[in-house]
Amino acid sequence: MNNENVAVLIIGAGPAGSVAAAYLHSKGYSVKVVEKNIFPRFVIGESLLPRCMDHFEEVGFIEDLKKQGFEVKAGARFLRGDRVCDFDFSKKHTEGWNWTWQVPRADFDKVLTDVLEKRGVDITFEQEVVDVAFGPEGSTTTTKGANGELATVTAKYVIDSSGYGRVLPRLLNLDKPSELPKHSSIFTHVKEINRPEGREGALITFDVVSKDTWLWVIPFSNGTTSIGYVGPTEYLESFEGDTTEKLKEMMKLSNYYHNRFDGLEYSFEPIMIKNFSKSVKQLYGKGYVLTGNSAEFLDPVFSSGVTFATESSLLAAKLIVKELNNERVDWENDYTSYLKEGVNVFASYVKEWYTGNLQTIFFHEHENPEVKRQICAVSAGYVWDKTNPFVKNHDRLIRTVAHIANMEMD
């Protein structure tokens, strides 16, 4: 059995794993990335937020990504009937990036791993983690290749960036139920032959068909568009037929988009992910740390997935470097507490979206520009900026402003 010895083993080569690997490699540490799939591969999570651009810039990915011509995302539109809420990331409370991308993740993630391999980072694809054993000096991880051959990697630290694979939560029994409502999604891609010209054809939109059910429309620069519904699990399951029949029937719920996509063939049979919100008992342990979706996955209504993935993986890599330099790290405060602050802000927005309070603010006929700037900063991913009242007081301010808006409507 082949055995390798590295400072840090990273499980998963998506944005979280790639950012962590890039940072650690730049600091001169031996890194190995193991990835279950072969790239390019399909994965959901195609809408980025400006905050993650800070992470890509710090590890030197921006210029390579710019060359790909991905669709620029300068904001986002929310629709509900004849009401429109349009966010422009250049008009936000917090300083930072004013744009990002909406991307086919198969292509986007492949760019990241190509850059890493050119830099000399060791990435092994089609390598599944089947066991991890932790000891006083580190860990031994057993992997299985496509041909069934086993190999081991000893490492001082393991970063789990496996996303939906949630490798260490499964192997170490770290999963716990999410406190968010049980929602599911059903989605596919379509090739738009007659996509509208200009902004309308490129704009990412969330079309709210009921208080707790909404459609996403994410156009890519290659002419393909991602479409998908999110709603209560029982409601999505109530539509008859296979996933293709379900989604076609659901598309009729959107008065705005039904005609645009009616009759177009789906690029693949729609995928349904049930009860997607996840949580864990702890984010780190002796010799390991969980990042991104491996740790926590929220409802996708605010596209927070990739941003949390890269925020957590970059922070984890930085803290591991400190420990490797024999500096003291308070993982509970420096990692868990910090990340939970951001997660809790977004979780409040998700919860208040489905109570209807946030929707009341979004679609109120008398828009408050300052409130919108503050909420726009949150929607851009800047959820650690406590100069923003909608971050600092997220747990009560949404309800308060919604209450005032409802009184005005009465």
Only one residue in V371, V345, V378, V383 is assigned to a loop (DSSP other than H, G, I, E, B) and either over 24 Å from S178 (Cβ atoms) or of a type outside the set (F, W, Y) (or both). Which one? V383
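This table checks each residue for (1) in the same structural domain as T310 (by TED's automatic domain parsing); (2) among the hydroxyl-bearing types (S, T, Y).
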position	(1), (2)
G69	yes, no
F78	no, no
H93	no, no
T113	yes, yes
F134	yes, no
K144	yes, no
L150	yes, no
L172	yes, no
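Yes or no, residue by residue, for (1) assigned by TED's automatic domain parsing to the domain that holds S267; (2) surrounded by fewer than 20 Cβ atoms within 10 Å (Cβ to Cβ):
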site: D160; (1), (2): no, no
site: G201; (1), (2): yes, yes
site: F206; (1), (2): yes, no
site: Y229; (1), (2): yes, no
site: T233; (1), (2): yes, yes
What residue, of D54, D64, D86, is touching a strand residue (DSSP E or B) at 6+ places or on another chain (Cβ under 6 Å), modelled with pLDDT of 95 or more, closer than 30 Å to R199 by Cβ and not β-branched (V, I, T)? D86
Within 28 Å of I186 (Cβ to Cβ), in a helix (DSSP H, G or I) and in contact with a Gly (Cβ under 6 Å, 6 or more places away or on another chain): does that describe A16? yes
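Residue-by-condition table, conditions (1) at pLDDT below 95; (2) assigned to a strand (DSSP E or B); (3) touching a Gly at 6+ places or on another chain (Cβ under 8 Å):
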{"site": "K118", "(1), (2), (3)": "no, no, no"}
{"site": "I123", "(1), (2), (3)": "no, yes, no"}
{"site": "K144", "(1), (2), (3)": "no, yes, no"}
{"site": "V153", "(1), (2), (3)": "no, yes, no"}
{"site": "V158", "(1), (2), (3)": "no, yes, yes"}
{"site": "P169", "(1), (2), (3)": "yes, no, no"}
{"site": "H189", "(1), (2), (3)": "no, yes, no"}
{"site": "N194", "(1), (2), (3)": "yes, no, no"}
{"site": "V209", "(1), (2), (3)": "no, yes, no"}
Flagged in region 16-44 as over 19 Å from V321 (Cα atoms) and either crowded, with 23+ Cβ neighbours inside 10 Å or among the hydrophobic types (A, V, I, L, M, F, W, C) (or both), in numbering order, are V34, E35, I38, F39, F42, V43, I44
Which ones in region 88-110 are part of a strand (DSSP E or B), buried (at least 21 other Cβ atoms within 10 Å of the Cβ) and in contact with a helix residue (DSSP H, G or I) (Cβ under 8 Å, 6 or more places away or on another chain)? T100, W101
Out of everything in region 277-293 that is touching a Ser or Thr at 6+ places or on another chain (Cβ under 6 Å) and part of a loop (DSSP other than H, G, I, E, B), what residue ends up being nearest to E234 (Cα to Cα)? S277
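The values are calculated or read from the model by the stated rules, or taken from the named source; none is laboratory data. Bear in mind the structure is a predicted one, so any value in this text is a computation, not a measurement. Neighbour counts are summed over all protein chains in view; Cβ atoms, including those assigned to glycine, are modelled from backbone coordinates with ideal geometry.
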